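In what follows, a structure is listed as C-alpha cells, so that the remarks can point back to it.
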C-alpha cells in the first residue's frame with residue numbers, strides 16, 4: 001500500500017478509524033490522506049414559515065478544520081506523510097470520488113454501530129462507502145461501541 005484515505009467526522013468511531021488507518025500507514029510505509037466532508041447547504045427554519053425550511057450555503061465551522069489539523073498532527077507525530085482535505089457535498093459521494101481522484105489503495109472509515117434499524121433510519125456512511133467504492137474499504141468499529149456490546 002502506498003496511499004490510505006481516512007475519513008473523519010470528529011466522532012469517537014472516526015477517531016478510532018484515524019488511529020487504525022495511521023497504524024496501517026506506519027506498518028506499510030504509506031502516506032495518509034485524511035478527509036472530512038461538510039454539506040454544501042444548511043437547512044434552516046423560515047421565520048413565520050409554519051414549518052417551512054430554507055437553505056443557505058454552509059460555512060465550515062472551526063471544528064471542521066480543527067479535526068483535520070489534529071489528524072495531521074497525529075500523522076506527523078508518527079512520521080506518516082499526510083495530506084488533509086476539507087470536502088464539500090454528499091459525504092459518501094465525496095469520499096469515494098476523492099479516493100478515486102487520489103488513486104488510494106484503501107479507504108478507512110469508522111462505524112458507530114447503529115445496527116440494522118438505526119442504519120435504516122439514520123443512514124450509514126460506512127455502508128454507503130462500502131457499496132459505492134471501487135477500491136478496498138476497511139470499516140473500523142469504534143472501540144466504545146465494541147466495549148458497550150461486550
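The values are calculated or read from the model by the stated rules, or taken from the named source; none is laboratory data. All of these numbers come straight from a predicted model, not from anything done at the bench. Methodologically, a virtual Cβ is constructed for each residue, glycine included, from the backbone with ideal geometry; neighbour enumeration extends over all protein chains shown.
Yes or no: the range 50-63 includes at least one residue that is surrounded by 14 or more Cβ atoms within 10 Å (Cβ to Cβ), touching a strand residue (DSSP E or B) at 6+ places or on another chain (Cβ under 7 Å) and modelled with pLDDT under 95. Scanning the range 50-63 turns up at least one residue that is surrounded by 14 or more Cβ atoms within 10 Å (Cβ to Cβ), touching a strand residue (DSSP E or B) at 6+ places or on another chain (Cβ under 7 Å) and modelled with pLDDT under 95.
Restricted to the range 26-41, and to residues there that are at pLDDT 95 or above and assigned to a loop (DSSP other than H, G, I, E, B), the residue that is nearest to residue 83 (Cα to Cα) is 30.
Take the residues in the range 15-30 that are out of contact with any strand residue (DSSP E or B) (no Cβ under 6 Å at 6 or more places or on another chain) and over 15 Å from residue 76 (Cα atoms), then tell me which one is surrounded by the most Cβ atoms within 10 Å (Cβ to Cβ). Only one residue tops the list, namely 15.
Residues checked against (1) without any contact (Cβ under 8 Å) to a residue 12 or more places away in the chain; (2) not in a loop (DSSP other than H, G, I, E, B):
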residue: 5; (1), (2): no, yes
residue: 9; (1), (2): no, no
residue: 13; (1), (2): no, yes
residue: 17; (1), (2): no, yes
residue: 24; (1), (2): no, yes
residue: 43; (1), (2): no, yes
residue: 55; (1), (2): no, yes
residue: 60; (1), (2): no, no
residue: 66; (1), (2): yes, yes
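When the range 1-14 is limited to residues that are surrounded by 14 or more Cβ atoms within 10 Å (Cβ to Cβ) and farther than 30 Å from residue 55 by Cα, the one that is modelled with the lowest pLDDT turns out to be 1.
Among the conditions (1) touching a residue at least 12 places away in the same chain (Cβ under 8 Å); (2) outside any strand (DSSP E or B); (3) more than 22 Å from residue 128 (Cβ to Cβ), residue 73 misses just one, which is (1).
Taken over the range 76-117, residues that are outside any helix (DSSP H, G or I) and either in contact with a strand residue (DSSP E or B) (Cβ under 9 Å, 6 or more places away or on another chain) or touching a residue at least 12 places away in the same chain (Cβ under 8 Å) (or both) amount to 24.
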